[in-house]
Structures are given as C-alpha cells and as structure tokens.
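Remarks on the structure that follows.
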Amino acid sequence: MTASVLYDIPGPVTRRRTAISTAVAGVALAGLIVLVLVQLGEKGQLEADKWGPIFSPFNQYFVAVWTALGIGLVNTITAAALTLVFALAIGTLLAVARLSSTKAYRWFVVTVIELLRGLPVVITIYFASRVLPEIGISLAPLWYLVIGLTAYNCVIIAEILRSGVAAVPRGQSEAALAVGLTRLQTLRMILLPQAFRIMLPALISQLVVIVKDTSLGFVIFGFSDFVRAANTVIQYFAGRLGINLALQMYVAVALVFILINYGLGKLAEFVQRRLARGRRTAAPPQREVPVDAEVGAP
Amino acid sequence: MDALVNEFPRYVEGFFGTLRISLFAAVGALMIGTLLAGFRVSPVPPLRWVGTAWVTVFRNSPLAVMLFVFAFALPLAGVTFPTLGGNAFFWPGVSALVCYTAAFVCEAVRSGINSVPPGQAEAARAVGLTFQQTLGAVVLPQALRTVVPPLGSVIIAMIKNSAIVGAFGVTGELFSVDAANTAIGYSALSSLTGVAIAYLCITIPAGLALGAIERRIEVKR
C-alpha cells in the first residue's frame with residue numbers, strides 16, 4: 001500500500017473506521033450496480049434476444065455475427081501489424097538520422113519529428129485518406145489507415161529509441177569508439193541493440209496505442225474495420241429484425257479491445273520485470289520516456 | 001493553403017471551438033482523475049476496485065469506441081444528454097473525452113504520489129509531524145512537482161484527441177472546418193493543411209511551455 005508510509009500502523013480505532021467505510025462503500029457500490037441493472041431491465045436492455053446474437057454460441061445468429069465481426073477484426077489487426085512494422089523501420093531510420101547526422105541535417109529531422117508529433121493522429125489518417133487520392137495515389141482503404149498511423153507512430157518510436165540510446169551507459173559507446181568502430185557502426189552494433197532491449201516495454205505500450213488507434217479507421221470512407229463491422233451488424237439487426245443491438249454490440253467491441261490491450265499491457269510489465277532482473281551491468285534509463293508513449297492517442 | 005487564407009475566420013472559430021472543448025474536458029478530467037487517484041490509494045477496498053476498474057476499462061478501449069458508447073448506447077439505457085446549440089454530439093463527446101482522459105490523469109497523479117521516496121514520509125513522521133503535516137508539508141509538494149510534466153502531456157494528448165470528437169460529428173471545432181471547406185469546393189489538401197497548421201498552433205506552444213515548466217520545477221534527487 002502506498003498510503004501506509006504516510007501514517008503509522010493503524011490502531012483499533014482506525015481499523016474500525018476503515019472497516020466501517022469499507023462496509024458503507026461496499027453497500028453503495030452494490031446499490032449502484034443494482035440500480036444500473038434495474039435501469040437496464042426497465043429499458044428492455046437485458047433481454048436474451050439482444051445479448052444472445054453476440055454472447056450466446058447457441059443463438060442462431062451467433063456464427064454469422066462473429067463471422068462479420070471477425071473479418072473486421074482481421075482488418076484491424078492487419079492494419080496494426082503493418083503499422084508496427086513500418087513505424088519500427090522508419091522510426092529506427094529517423095532515430096539514426098537524428099543521432100548520427102550533421103547539424104543542418106539533424107535540424108531538418110527534428111523539425112519533421114516535432115511537426116508530426118504535434119498533429120492529432122486522426123488528422124494524419126484523414127489527411128492520408130483524402131489527400132492521397134486527390135493527388136492521384138489511389139490505394140485500398142487499409143493503406144490510408146496504415147500510412148496515417150505510421151506517420152504519427154514512427155516519430156514516437158524514433159523518440160523512444162533515442163531515449164533508449166541515451167540510457168545506454170556511456171562506457172559502451174566509448175569502448176566501441178576506442179576499438180575503432182565508426183560512429184555509425186557504434187550506433188548500429190552497440191547502441192541500438194541495447195536501446196531496443198531497454199525500451200522494449202515502452203515499445204509494447206506503443207503497440208497498445210497503435211491497436212487503439214486502428215479504430216480511427218472510421219474516418220476513412222469505405223474501410224471495414226472492427227468498429228465499422230460492428231456498426232454494420234447493428235444496422236442489419238435494426239433494419240431486418242427490428243432489434244436495436246447498439247448497447248450490447250459496443251459492450252462487446254469494447255471488451256475485445258480491452259482484452260487485447262490488457263494482455264499487451266501485462267506483456268509489457270512482464271518484459272519489464274524480466275529486463276530488470278536480467279540486466280545488472282547497465283544503468284536503468286535516466287528518466288521517464290519523454291514521449292507520450294502511454295497517452296499518445298486514443 | 002488558399003483555404004486557410006480565404007476562410008481564415010472559419011479556422012479561427014474552429015480554433016476556439018477546439019480550445020473550448022479542451023477546456024471543458026480538461027477541468028472535468030482533472031477533477032475526476034484526481035478523485036480516482038485518491039480512490040486508488042485509499043485503504044477502502046471497494047473504492048480501490050472502482051478506481052482500478054475505471055482505469056482498466058478506459059485506458060484499454062479506444063476513444064472512438066467510447067464515443068459510440070456515449071452517443072448511441074447510453075441513450076438506450078435511459079441516459080440522455082442535452083443538446084448544445086442544436087448539436088446532439090457535444091455533451092456525449094465531451095463526456096467520453098472526460099472519462100477517457102480521467103483514467104490517464106489518475107495514473108499520472110498516482111505515480112506522482114508513489115514517486116516520493118518513502119524515506120521522506122518516514123522522516124517526517126520520525127520528527128513528529130502529524131498525518132496532515134506529513135502529507136501537506138512533505139509529500140504533496142514533492143508529488144505535485146513530479147506530477148506536472150506527465151499531467152501536461154496528458155492534457156496535450158487530450159487536446160489532440162478532441163479531433164476525434166470532431167471527426168465524430170461535433171461541429172464548431174477544427175476538424176469540422178474541413179467539411180465546411182470541402183462543401184464549398186476547396187481541395188482536401190489546402191483545407192486539411194490549414195487544419196493541421198491550426199492544431200500545431202496549439203500543440204507546439206503547449207509543448208514548449210510544458211518543457212519550460214518542467215525545467216523550472218525539476219527536482220534534483
């Protein structure tokens with residue numbers, strides 16, 4: 001408990017007070033849950049024919065609904081995976097360019113990084129989907145999403161890698177230069193491999209941001225991602241069967257995203273613990289990652 | 001660029017629209033987020049559960065999905081939002097943005113409290129300070145300093161996220177400027193370049209200001 005250092009070990013009076021507050025808060029929480037359920041029941045949102053098509057494998061529509069959602073989910077995951085690959089590649093190049101180049105050239109790289117970092121990712125996606133066709137580059141809608149996401153995430157990854165390189169102990173690059181490696185060789189063979197290792201948890205957290213951002217595909221006309229597939233199913237049920245599934249469907253969509261991202265978050269924590277145990281020689285990163293790896297975007 | 005020059009008043013209106021949404025959302029998110037952080041460090045388990053559940057749900061689901069939930073799912077459960085100036089999406093949009101950002105505010109505040117070395121509070125207690133004095137004079141002043149930089153990035157990220165609220169259909173902010181421009185025949189390139197520049201006019205100065213504050217209040221440990 002974090003608060004425990006703020007006061008002494010609780011005596012009988014405090015313990016009783018805590019027990020009473022726990023009971024009161026517990027009752028209030030239970031009451032709130034009951035209230036929500038009653039409200040949902042009154043509005044007819046708890047009926048089986050609304051939850052069944054999404055959550056019950058025995059429902060006649062279950063397979064069809066999840067086939068439609070599955071196609072969207074595959075598109076979403078494909079976009080996230082492609083973005084990760086491109087953003088890692090371009091981000092590494094940007095980091096190398098920023099770390100190894102001459103002053104004038106570096107100024108250019110820094111400007112690009114700062115400009116792209118300052119833009120909302122939904123704007124870069126929308127920009128790609130509107131402007132590229134306008135100047136004659138017509139691609140499948142998935143690629144607009146990948147390009148927009150990559151434009152934003154490659155600079156974030158470049159910044160993560162840069163702070164990773166800064167966290168590698170100085171002795172490493174000094175030793176590398178002393179045995180006669182060039183600056184670029186030092187970066188490629190000594191610093192970057194260690195920077196990737198140090199920053200692996202931050203990179204995984206950024207993957208969570210990318211997965212969440214794929215849902216912004218809804219601004220691209222004609223792209224069937226997971227969220228769009230969910231909306232199509234909602235429209236189908238409302239139009240053909242007269243059942244409004246919106247609440248249940250968005251709960252399901254949110255649950256899928258939460259499961260994926262919670263898993264990735266746990267993976268990042270696990271990797272962090274493993275690295276903390278495995279690395280004895282290198283110093284920990286000097287400071288927090290100066291980029292919004294955690295809060296970058298939705 | 002011609003859209004930005006010719007339709008400058010519309011961009012200015014959108015600029016302030018974005019700032020207005022951000023202001024509403026920032027106030028709400030800071031209040032709820034701080035409250036949630038209090039929940040998460042409290043000795044009362046049910047409160048801790050509420051804080052943890054909130055953070056887990058809102059941090060791991062996309063803002064776009066939360067917008068759909070607030071705009072289309074909650075009304076089905078009887079939770080309706082008032083319209084603002086004929087815009088039905090304003091309050092659902094701002095509410096979703098508040099709830100989403102509050103989760104990140106909560107984590108920033110909580111890690112700030114955690115970052116104060118335990119020795120500080122122990123030493124304060126050892127010299128005889130009471131709980132209020134320990135918290136008020138020793139722990140919180142140090143926690144606030146570590147909290148400001150991450151809170152600043154959370155708020156800047158939130159300003160950028162307000163574009164998603166705009167993409168969703170809230171008019172009168174920067175993203176919606178593009179629809180109005182395209183309707184009267186401007187190319188997407190010229191219209192959206194203006195939108196991008198306007199966002200940079202907010203985020204880059206905000207980032208520089210945050211950097212300056214960060215350097216001023218940096219604690220040498």
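The values are calculated or read from the model by the stated rules, or taken from the named source; none is laboratory data. Since the structure is predicted, the reported quantities are computational estimates derived from the model, not experimental observations. Positions of Cβ are generated from backbone atoms using ideal geometry, with glycine treated the same way; all protein chains shown enter the neighbour counts. When the accessible area is computed, the model is the full protein with side chains, heavy atoms only, and any ligands, DNA or RNA have been set aside. Shrake-Rupley method; radii C 1.70, N 1.55, O 1.52, S 1.80 Å.
For the subset of region B:86-101 comprising residues that are touching a Leu at 6+ places or on another chain (Cβ under 8 Å) and within 12 Å of another protein chain (Cβ to nearest Cβ), which member is farthest from B:A71 (Cα to Cα)? My answer is B:Y100. Scanning region A:203-226 for residues that are within 11 Å of the chain's Cα centre (by Cα) and more than 14 Å from chain B (Cβ to nearest Cβ) yields a total of 1. Here A:T83 clears all of (1) within 13 Å of chain B (Cβ to nearest Cβ); (2) under 30 Å from A:M189 (Cβ atoms); (3) among the hydroxyl-bearing types (S, T, Y) except the condition numbered (1). When the test is whether a residue is facing chain A (nearest Cβ under 10 Å), under 28 Å from A:E42 (Cα atoms) and of a type in the set (A, V, I, L, M, F, W, C), B:V44 does not pass it.
Hand me the list of helices (runs of 4 or more DSSP H) wholly inside region B:1-116 holding 2 or more residues that are buried (at least 21 other Cβ atoms within 10 Å of the Cβ) and under 15 Å from the mean Cα position of the chain (by Cα).
B:8-41, B:45-60, B:63-68, B:90-115
Right, A:F196: under 26 Å from B:L67 (Cβ atoms) and open to solvent by 30 Å² or more (accessible area, probe 1.4 Å) or not? Spelling it out, it is not the case that A:F196 is under 26 Å from B:L67 (Cβ atoms) and open to solvent by 30 Å² or more (accessible area, probe 1.4 Å).
Looking only at residues in region B:129-154 that are within 22 Å of the chain's Cα centre (by Cα) and of a type in the set (S, T, N, Q), the one that is nearest to the other protein chains (Cβ to nearest Cβ) is B:S153. Among the candidates A:V256, A:V251, A:V289, the residue that is among the β-branched types (V, I, T) and at pLDDT below 80 is uniquely A:V289. Just name the residue that is nearest to the other protein chains (Cβ to nearest Cβ) out of those in region A:3-20 that are loosely packed, with under 13 Cβ neighbours inside 10 Å and at pLDDT below 75. Selected residue: A:D8.
Condition first: closer than 15 Å to A:P193 by Cα, small (G, A, S) and surrounded by fewer than 18 Cβ atoms within 10 Å (Cβ to Cβ). Now tell me which residues in region A:83-111 satisfy that. Break it down into steps so the answer makes sense when it comes.
In the first step, residues of region A:83-111 are kept if they are closer than 15 Å to A:P193 by Cα; the result is A:88-89, A:91-93, A:95-96, A:99.
Applying the additional criterion that residues be small (G, A, S) yields A:89, A:91, A:95.
A:A89 - this is the single residue of region A:83-111 that is closer than 15 Å to A:P193 by Cα, small (G, A, S) and surrounded by fewer than 18 Cβ atoms within 10 Å (Cβ to Cβ).
Pairs are defined by a Cβ separation below 7 Å, a sequence spacing of at least 6 or placement on different chains, a first member in region A:41-61 that is more than 14 Å from chain B (Cβ to nearest Cβ), and a second member that is open to solvent by 40 Å² or more (accessible area, probe 1.4 Å) and not in a loop (DSSP other than H, G, I, E, B); the pairs so defined are A:P53/A:F62; A:S56/A:F62.
Okay, residues lined up against (1) touching a Gly at 6+ places or on another chain (Cβ under 6 Å); (2) open to solvent by less than 10 Å² (accessible area, probe 1.4 Å); (3) part of a helix (DSSP H, G or I):
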residue: A:I147; (1), (2), (3): no, no, yes
residue: A:G164; (1), (2), (3): no, yes, yes
residue: A:G180; (1), (2), (3): no, no, no
residue: A:L184; (1), (2), (3): no, no, yes
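I'd like the full set of residues that are among the polar types (S, T, N, Q) and within 8 Å of another protein chain (Cβ to nearest Cβ), limited to region B:183-200.
At the first step, the residues of region B:183-200 found to be among the polar types (S, T, N, Q) are B:187, B:190-191, B:193.
Across region B:183-200, the qualifying residue is only B:S187.
Evaluation of B:M66 against the conditions (1) within 14 Å of chain A (Cβ to nearest Cβ); (2) farther than 25 Å from B:C106 by Cα; (3) of a type outside the set (S, T, N, Q) shows that the sole unmet condition is (2).
Go through B:A121, B:A126, B:A206 for me and flag whichever is at the interface with chain A (Cβ under 10 Å from one of its Cβ atoms), of a type in the set (G, A, S) and open to solvent by 10 Å² or more (accessible area, probe 1.4 Å).
Numbers: B:A121 fails: open to solvent by 10 Å² or more (accessible area, probe 1.4 Å); B:A126 fails: at the interface with chain A (Cβ under 10 Å from one of its Cβ atoms).
Selected residue: B:A206, the only one of B:A121, B:A126, B:A206 that is at the interface with chain A (Cβ under 10 Å from one of its Cβ atoms), of a type in the set (G, A, S) and open to solvent by 10 Å² or more (accessible area, probe 1.4 Å).
Condition check for B:L129 on (1) part of a helix (DSSP H, G or I); (2) out of contact with any Pro (no Cβ under 9 Å at 6 or more places or on another chain): one failure, at (1). All conditions in (1) within 28 Å of A:K212 (Cα to Cα); (2) within 14 Å of chain B (Cβ to nearest Cβ) hold for A:L35, with the sole exception of (1).
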